[in-house]
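*Asks:* Quick one: the structure is below, questions incoming.
The values are calculated or read from the model by the stated rules, or taken from the named source; none is laboratory data. From a predicted model like this one, the values you see are computed outputs, not experimental measurements. Methodologically, a virtual Cβ is constructed for each residue, glycine included, from the backbone with ideal geometry; neighbour enumeration extends over all protein chains shown. Just the protein is used for accessible areas: all its heavy atoms, side chains included, with ligands, DNA and RNA removed. Shrake-Rupley method; radii C 1.70, N 1.55, O 1.52, S 1.80 Å.
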Amino acid sequence: MKIVLVTVNSRYTQSSLALLYLEGIAKRNFPEAICLRMEFHLGQTSEEIACAILSQEPDLVGFSVYLWNIEHTIKIADYLKISEPEIKLLAGGPEVSFNSKEFLETNRSFDFLIRGEGENAFSELLASFSKKNASFSGINGLIFRYSECIITNPERESMEDLDSIPSPLQLGLHANDKKFLHYESSRGCPFSCSYCLSSITRKVRYFSQSRVRADLDAFFASQFQMLRFVDRTFNLDRSHYHPIWEYIVKNSPPDKRYQFEIDAGLFEETDYEFLSTVPSGLFQFEIGIQTTNPVALRLCNRADRTEKIVAAVKSLSGNSGLHLHLDLISGLPGDDFQSFLSTIDRIALLNPETLQIGRLKVLKGSPLYLEAENLDLHFNPHPPYQVIRTPGFSRSEISLLEEFARLTELICNSERFPTFLSAVSKFHGGFTDFLSEVNSCWKKSGLNYYGIPLQKIFSLLSGLCLNWSNAEIFHQALLHDFMLGIDFKSSPDVVFPDHAKYLIQPAEITVCSSGKSYLPLSRLRIYCFDYDFLDFSKCRHYIFYCRTEKMNFFLGFGSSECVPEGDCLLIRDCEKGFRLLSSDLLKEKKEK
């Protein structure tokens with residue numbers, strides 16, 4: 001028997017953890033069978049994908065179905081069934097676990113469907129195929145087509161022994177062309193957020209510490225750069241998550257990174273103490289704030305822990321070991337446009353590395369889906385089921401927030417404009433007022449919201465800020481961010497025609513021999529700005545940049561007075577110019 005497991009990812013960089021589990025089960029429990037995993041992406045046509053599957057001559061094709069790929073998957077299945085009617089087609093995943101019988105009745109190309117967690121049902125299905133007189137009636141969680149009838153077996157209880165699932169990491173099943181892996185150390189969520197499918201099954205189950213440590217060891221030895229934990233709330237049980245953190249900090253190679261979805265409102269003082277010891281950039285935290293509107297939180301069955309979460313984020317934001325990703329959702333019941341703008345403004349002040357402004361998805365099977373009519377939520381009936389209008393948000397307001405979300409991705413989440421955004425926060429009012437100005441300028445320029453060259457964004461912001469009060473602060477801050485860019489292809493004089501007035505000419509610079517041996521003078525640029533970007537109240541700020549063959553980087557700074565050695569990479573040397581520190585010290589600080 002030949003089995004092909006298939007999914008269509010939202011983009012090439014994504015990967016499917018569900019298929020890895022199923023592949024491991026097939027290879028462990030049915031070694032005589034041939035099991036092949038094929039992952040595609042939405043950039044490929046359904047016919048192209050179907051032909052690739054058919055080239056493997058499978059007996060059974062199993063699809064992992066999500067809201068982003070269900071329409072693509074149905075087209076692929078129809079092509080397969082028309083081409084080879086004898087192939088058996090199986091569907092599973094969150095998008096088909098609700099109204100499963102109706103899905104099979106509507107989509108006649110599929111022969112089988114597994115609801116909910118699929119590992120055990122999939123194993124039993126393969127066992128039935130291996131028998132001469134295959135019977136599927138005893139497989140809980142399975143729905144199947146028998147002649148012209150749809151047979152619905154009883155639902156299956158959630159798995160208790162998660163360690164019984166083969167480990168993709170330890171089996172080496174992951175594709176080698178990805179930079180990150182998805183991983184789970186637990187399943188389930190104790191909370192009941194009405195827009196989330198995890199609220200349906202609230203029981204939380206954990207993989208054992210020994211299993212997680214063995215998986216981490218396999219990740220440490222791999223070429224992958226990031227491990228993304230998909231636990232719905234990673235920091236629920238301190239006896240579970242703290243040993244994992246401690247093991248990572250103690251044993252992880254320095255080139256690895258780890259991402260966790262956490263509830264910052266659950267943190268205790270011991271968490272902050274431990275996280276203060278985490279090496280720089282090791283952990284990334286995704287924190288779902290969603291909204292600060294108490295009415296919306298109540299209607300979505302979320303506890304109102306806004307103040308505690310905000311305080312936690314403020315404490316965490318000063319930790320260089322952490323990268324913070326904050327999530328907001330527009331269109332929630334009980335929320336409204338002006339209130340949500342206030343939420344954005346408040347959360348933007350926390351200066352996260354990533355601020356994601358998403359739109360409510362009314363997912364099939366979620367409690368909110370069942371209450372949508374009573375709440376007067378109007379949403380797209382087709383994937384991804386995003387809300388179109390609500391009592392608190394008009395269609396045009398929802399569209400405007402979508403534009404704000406994209407501008408936030410391009411300007412804030414790109415981490416290209418930190419100094420400029422710091423100046424905006426300090427001198428230019430609310431973040432949404434800034435977004436509104438940029439959006440108006442964006443539309444007047446005839447730009448779309450995707451695939452914008454970085455140079456174009458710099459040019460637009462440069463022209464925009466010249467009309468503001470304190471224009472010189474913004475202009476210099478933007479030039480500083482430009483000089484920090486590691487991959488821009490244009491010279492600063494293209495975007496900033498008057499940048500030369502800040503540049504100190506080479507004739508004014510003296511460089512000691514030890515420094516010159518490491519940093520050729522021709523690649524060194526020194527600017528004298530009117531502002532110290534670490535403290536805008538200070539003036540006359542010298543900034544040093546070095547250009548190499550591959551990148552530009554910020555070396556250091558000096559004030560109008562002498563700076564003691566060790567405080568920065570470059571210092572001012574009396575009135576004649578500037579002197580580089582010794583090359584050894586320079587290398588040491590650059591590596592740090």
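*Asks:* Need pairs with beta-carbon distance below 8 Å; first residue modelled with pLDDT under 95 and within region 206-227, second of a type in the set (Asp, Glu) and open to solvent by 40 Å² or more (accessible area, probe 1.4 Å); sequence gap 6+ or separate chains.
*Replies:* Between residues of region 206-227 that are modelled with pLDDT under 95 and residues that are of a type in the set (Asp, Glu) and open to solvent by 40 Å² or more (accessible area, probe 1.4 Å), the close pairs are Gln225/Asp255.
*Asks:* Tyr206: in contact with an Asp or Glu (Cβ under 8 Å, 6 or more places away or on another chain), under 29 Å from Val96 (Cα atoms), open to solvent by 70 Å² or more (accessible area, probe 1.4 Å) and of a type outside the set (A, V, I, L, M), yes or no?
*Replies:* Working: in contact with an Asp or Glu (Cβ under 8 Å, 6 or more places away or on another chain): yes; under 29 Å from Val96 (Cα atoms): yes; open to solvent by 70 Å² or more (accessible area, probe 1.4 Å): yes; of a type outside the set (A, V, I, L, M): yes.
Yes, satisfied.
*Asks:* OK, next. Out of the residues in region 82-112 meeting the condition of being aromatic (Phe, Trp, Tyr) and assigned to a loop (DSSP other than H, G, I, E, B), tell me which one is least open to solvent (accessible area, probe 1.4 Å). Steps first, answer last, please.
*Replies:* From region 82-112, those aromatic (Phe, Trp, Tyr) are 98, 103, 110, 112; that's our starting set.
Checking which are assigned to a loop (DSSP other than H, G, I, E, B) leaves us with 98, 110.
Numbers: Phe98: 62, Phe110: 2 Å².
Per the stated criteria, the residue is Phe110.
*Asks:* Only one of Ala50, Ala77 is within 20 Å of Gln14 (Cα to Cα) and modelled with pLDDT of 95 or more. Can you tell me which? Can you show your working first?
*Replies:* Numbers: Ala77 fails: within 20 Å of Gln14 (Cα to Cα).
Unique residue meeting the criteria: Ala50.
*Asks:* Pull out all pairs, ordered by first then second residue, where Cβ-Cβ is under 6 Å, the residues are six or more apart or on different chains, the first lies in region 251-265 and is of a type outside the set (Lys, Arg), and the second is in a loop (DSSP other than H, G, I, E, B).
*Replies:* Pairs found: Phe260/Phe234; Glu261/Phe234; Ile262/Phe234; Ile262/Asn235; Asp263/Thr233; Gly265/Arg305.
*Asks:* Right, another one. Being under 20 Å from Tyr502 (Cα atoms), surrounded by fewer than 21 Cβ atoms within 10 Å (Cβ to Cβ) and not aliphatic (A, V, I, L, M) narrows it down to one residue among Ser462, Ser440, Ser445; which is it?
*Replies:* Details: Ser440 fails: under 20 Å from Tyr502 (Cα atoms); Ser445 fails: under 20 Å from Tyr502 (Cα atoms).
Step by step, each of Ser462, Ser440, Ser445 is checked, and only Ser462 is under 20 Å from Tyr502 (Cα atoms), surrounded by fewer than 21 Cβ atoms within 10 Å (Cβ to Cβ) and not aliphatic (A, V, I, L, M).
*Asks:* OK, next. Can you give me the number of residues within region 135-175 that are free of Cβ contacts under 8 Å to residues at least 60 places away in the same chain, open to solvent by less than 30 Å² (accessible area, probe 1.4 Å) and within 14 Å of Ser208 (Cβ to Cβ)?
*Replies:* 2
*Asks:* Give Ser123, Ser128 a once-over and let me know the one that is in a helix (DSSP H, G or I) and without any contact (Cβ under 8 Å) to a residue 12 or more places away in the chain. Lay out the reasoning, then the answer.
*Replies:* On the way: Ser123 fails: without any contact (Cβ under 8 Å) to a residue 12 or more places away in the chain.
The conditions single out Ser128.
Yes/no matrix, rows are residues, columns are (1) of a type in the set (Lys, Arg); (2) farther than 30 Å from Glu95 by Cβ; (3) over 15 Å from the mean Cα position of the chain (by Cα):
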{"site": "His325", "(1), (2), (3)": "no, no, no"}
{"site": "Pro333", "(1), (2), (3)": "no, no, yes"}
{"site": "Ser342", "(1), (2), (3)": "no, yes, yes"}
{"site": "Ala348", "(1), (2), (3)": "no, yes, yes"}
{"site": "Asn351", "(1), (2), (3)": "no, yes, yes"}
{"site": "Thr354", "(1), (2), (3)": "no, no, no"}
{"site": "Gly358", "(1), (2), (3)": "no, no, no"}
{"site": "Leu363", "(1), (2), (3)": "no, no, yes"}
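Quick grid of which residues meet (1) open to solvent by 20 Å² or more (accessible area, probe 1.4 Å); (2) at pLDDT below 95; (3) in contact with a helix residue (DSSP H, G or I) (Cβ under 8 Å, 6 or more places away or on another chain); (4) within 20 Å of Glu261 (Cβ to Cβ):
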site	(1), (2), (3), (4)
Leu282	no, yes, yes, yes
Arg298	yes, no, no, no
Ala311	yes, yes, no, yes
Gly321	no, yes, yes, yes
Phe340	no, no, yes, no
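*Asks:* Another one. How about region 54-81: which of its residues are over 16 Å from Ser16 (Cα atoms), among the hydrophobic types (A, V, I, L, M, F, W, C) and in contact (Cβ under 8 Å) with a residue 40 or more places away in the chain?
*Replies:* Leu60, Ile76
Residues checked against (1) within 25 Å of Cys193 (Cα to Cα); (2) in contact with a Ser or Thr (Cβ under 9 Å, 6 or more places away or on another chain); (3) in a loop (DSSP other than H, G, I, E, B):
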residue	(1), (2), (3)
Pro352	yes, yes, yes
Leu363	yes, no, yes
Leu375	yes, yes, yes
Pro384	yes, no, yes
Val387	yes, yes, no
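*Asks:* So is Leu17 at pLDDT below 95 and of a type outside the set (Asp, Glu) or not?
*Replies:* Judged against the criteria, Leu17 is a match.
*Asks:* Restricting to region 210-241, what's the tally of residues that are acidic (Asp, Glu) and open to solvent by 20 Å² or more (accessible area, probe 1.4 Å)? Give the derivation first.
*Replies:* Restricting attention to region 210-241, the residues satisfying the condition of being acidic (Asp, Glu) are 215, 217, 231, 237.
Filter once more, keeping what is open to solvent by 20 Å² or more (accessible area, probe 1.4 Å): 217, 237.
Total meeting the criteria: 2.
*Asks:* Right, here's the next one. Return the total of residues in region 422-434 being assigned to a helix (DSSP H, G or I) and either open to solvent by 60 Å² or more (accessible area, probe 1.4 Å) or without any contact (Cβ under 8 Å) to a residue 60 or more places away in the chain (or both). If you could, list the steps in order and put the result at the bottom.
*Replies:* Going through region 422-434, the residues assigned to a helix (DSSP H, G or I) turn out to be 422-427, 431-434.
Keeping just the survivors that are either open to solvent by 60 Å² or more (accessible area, probe 1.4 Å) or without any contact (Cβ under 8 Å) to a residue 60 or more places away in the chain (or both) gives 424, 426-427, 433-434.
The total comes to 5.
*Asks:* Separate question: How many residues are touching a Leu at 6+ places or on another chain (Cβ under 6 Å) and outside any loop (DSSP other than H, G, I, E, B) if we restrict to region 169-196?
*Replies:* Total meeting the criteria: 3.
*Asks:* Please determine, by comparing only the residues of region 389-421 that are aromatic (Phe, Trp, Tyr) and part of a helix (DSSP H, G or I), which one is nearest to Ala471 (Cα to Cα). Break it down stepwise before answering.
*Replies:* Let us first name the residues in region 389-421 that are aromatic (Phe, Trp, Tyr), namely 393, 404, 417, 420.
If we keep only those that are part of a helix (DSSP H, G or I) too, we end up with 404, 420.
On the way: Phe404: 23, Phe420: 11 Å.
The qualifying residue nearest to Ala471 (Cα to Cα) is Phe420.
*Asks:* Which one is least open to solvent (accessible area, probe 1.4 Å) among residues in region 113-134 that are charged (D, E, K, R) and over 39 Å from the mean Cα position of the chain (by Cα)? Even if it seems obvious, please write down each step before you answer.
*Replies:* To start, the set of residues in region 113-134 that are charged (D, E, K, R) comprises 115, 117, 119, 124, 131-132.
Checking which are over 39 Å from the mean Cα position of the chain (by Cα) leaves us with 131-132.
Working: Lys131: 129, Lys132: 202 Å².
Per the criteria, the residue is Lys131.
*Asks:* Here is a follow-up. Which members of region 494-523 meet the condition of being at pLDDT 65 or above, out of contact with any helix residue (DSSP H, G or I) (no Cβ under 6 Å at 6 or more places or on another chain) and of a type outside the set (Val, Ile, Thr)?
*Replies:* Pro497, Asp498, Ala500, Lys501, Tyr502, Leu503, Gln505
*Asks:* Quick one: Gly288 ticks every box in (1) touching a residue at least 60 places away in the same chain (Cβ under 8 Å); (2) within 20 Å of Ser414 (Cα to Cα); (3) buried (at least 21 other Cβ atoms within 10 Å of the Cβ) except a single one, so which number is it?
*Replies:* Among (1) touching a residue at least 60 places away in the same chain (Cβ under 8 Å); (2) within 20 Å of Ser414 (Cα to Cα); (3) buried (at least 21 other Cβ atoms within 10 Å of the Cβ), the lone unmet condition for Gly288 is (1).
*Asks:* Additional query: Of everything in region 359-378, what is closer than 19 Å to Glu403 by Cβ and open to solvent by 20 Å² or more (accessible area, probe 1.4 Å)? Give them in sequence order. Walk me through it before giving the result.
*Replies:* Here is the first cut: in region 359-378, the residues closer than 19 Å to Glu403 by Cβ are 359-361.
If the condition is that a residue be closer than 19 Å to Glu403 by Cβ and open to solvent by 20 Å² or more (accessible area, probe 1.4 Å), then Arg359, Lys361 are the ones that fit.
*Asks:* Another question, then. Before we move on, is Asp327 open to solvent by less than 10 Å² (accessible area, probe 1.4 Å), at pLDDT 95 or above and charged (D, E, K, R)? I'd like the intermediate steps shown before the answer.
*Replies:* Values: open to solvent by less than 10 Å² (accessible area, probe 1.4 Å): no; at pLDDT 95 or above: yes; charged (D, E, K, R): yes.
Against the criterion (open to solvent by less than 10 Å² (accessible area, probe 1.4 Å), at pLDDT 95 or above and charged (D, E, K, R)), Asp327 does not qualify.
*Asks:* Here is a further query. Of all the helices (runs of 4 or more DSSP H) wholly in region 228-309, which have at least 2 residues that are among the acidic types (Asp, Glu)? Walk me through it before giving the result.
*Replies:* Working: elements: 238-251, 269-275, 294-299.
In region 228-309, the matching helices (runs of 4 or more DSSP H) lie at 269-275.
*Asks:* Here's another thing I want to ask about it. Pull up region 472-486, narrow it to residues that are aliphatic (A, V, I, L, M) and touching a helix residue (DSSP H, G or I) at 6+ places or on another chain (Cβ under 6 Å), then point me to the one that is nearest to Ser422 (Cα to Cα). If you could, list the steps in order and put the result at the bottom.
*Replies:* At the first step, the residues of region 472-486 found to be aliphatic (A, V, I, L, M) are 473, 477-479, 483-484, 486.
Imposing the further condition that a residue be touching a helix residue (DSSP H, G or I) at 6+ places or on another chain (Cβ under 6 Å) reduces the set to 473, 477-479.
On the way: Ile473: 11, Ala477: 9, Leu478: 10, Leu479: 13 Å.
Within region 472-486, the match that is nearest to Ser422 (Cα to Cα) is Ala477.
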